[in-house]
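Working notes, structure below.
Here, each number is a calculation from the coordinates, and none is a lab measurement. Because the structure is a prediction, the values reported are computed rather than measured. Cβ placement follows ideal geometry from the backbone for every residue including glycine, while neighbour counts extend to all protein chains displayed.
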Amino acid sequence: MRTKYIAGNRKMNMDRAGAVDLAKALVSELKGLDGSFMIAPPFVYLDAVASVIKGSNIRLGAQNAASTENGAHTGEVSVAMLKDIGVQSVILGHSERRDAQNESDKLINEKILAVLNGGLEVVLCIGEQYSQRIAGATEEVCGKQVRGCLKGLTPEQMKNVVIAYEPVWAIGTGKTATPEEANAVHKFVRGVLAEMFGNETAENTKILYGGSMNDGNAEALLAQPDIDGGLIGGASLKADKFSAICRFSVK
Ligand code: PGA
């Protein structure tokens, strides 16, 4: 039986004081809730946020990681460094990085292996562009991303992988897939996982929805059988909105 997971992707937002204050507010709002929660602040505020959420029920996430080990890689941040400051989970393959940084499935696959080898959790983002959806290519695109990014993983390694289906046209736009539309893609992705890793892994892997999920639509999305949580961008920047979504996940 899969339990729900709510993760906040703060992207490149806030300053140090804001990041710390928001984390403090969340620690108190979520105190005592028996659920799984994660927040991913920008790299430079990870350390500060780590001290605030230590000992709470909130996991610390990073928004990226290098595929390589420590060495001559200017501007990169390694898995070892992330572990060193208490990071437990890493978001990889976000569409903003696929688009703006040209990240390929192959590079994302290398990063996934680096993060898993370091013993951390991966939140792998996949999703189609609007033009691909209207062309009827959603399953083809998502299937290719799942197969490419998870290539060579074992069912054992999949225990540390969470997938986030984020239709690109829904990210930051206020448009969401309907609960039924999203669930259909989640079901399809679960089928791909079954082909790759077997039924048990497919049934146990959490598949989150992301793309304008907020406190107004989360309840309906989370009620779908194949939607195991949310990856929240905009609404994760407000303690009341993010904690409201978290509460729906433990109902
Ligand atoms: P959004 O972002 O909730 O602001 O649409 C989600 C994401 O990009 O992870």
Going out from 0 in 5 Å bins, what whole percent of all Cα-Cα distances in the stretch 89-207 drops into each bin?
-> 2, 12, 23, 26, 20, 12, 5, 1
Distance violations [Cα-Cα > 25 Å] among LYS206/LYS251; LYS4/LYS24; LYS187/LYS238; LYS144/LYS238 = LYS187/LYS238; LYS144/LYS238
If the chain between LYS159 and ALA80 were fully stretched, how many nm would it gain, using 0.36 nm times the residue separation less the Cα-Cα distance?
-> 26.4 nm
Vicinal HN-Hα couplings computed from phi for the stretch 119-130 (Karplus, 6.51 cos²θ - 1.76 cosθ + 1.60; Hz; Gly/Pro x) | x, 9, 7, 10, 10, 8, 8, 9, x, 9, 6, 4
Can you tell me the alpha carbon radius of gyration of the stretch 1-115 divided by the globular rule-of-thumb value 2.2 N^0.38 Å?
-> 1.10
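List TYR209, TYR45, TYR5 from most exposed to least, where exposure is judged by having the fewest other Cβ atoms within 10 Å. Show your work: numbers first, answer last.
Details: TYR209 31, TYR45 19, TYR5 24.
Lowest count first: TYR45, TYR5, TYR209.
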Among 243-249, 24-30, the order from most to least packed when residues are scored by Cβ within 10 Å on average = 243-249, 24-30
Separation in nanometres of the label points that stand 7 Å from Cα toward Cβ, at ARG147 and LYS106 = 1.7
Residue among GLY210, THR176, GLY55 farthest towards the positive dipole end of the chain, charges placed on Cβ | GLY55
Just the projected area, averaged over all directions, of the convex hull on the alpha carbon atoms of the chain: how many nm²?
-> 12.4
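Taking the stretch 26-73, which trypsin sites (Lys or Arg not before Pro) meet the DSSP loop condition and have no more than 14 other C-beta atoms within 10 Å?
Numbers: sites: LYS31, LYS54, ARG59; in loops: LYS31, LYS54.
For trypsin sites (Lys or Arg not before Pro) across the stretch 26-73 that sit outside H, G, I, E and B with at most 14 neighbouring Cβ atoms in 10 Å, the list reads LYS31, LYS54.
Expected output is a single nm value to one decimal: the length gained when fully extending between VAL250 and GLN88, i.e. 0.36 nm times separation in residues minus the C-alpha distance. What is it?
On the way: separation 162, 0.36 × 162 = 58.32 nm, distance 2.11 nm.
Gain on extension, VAL250 to GLN88, equals 56.2 nm.
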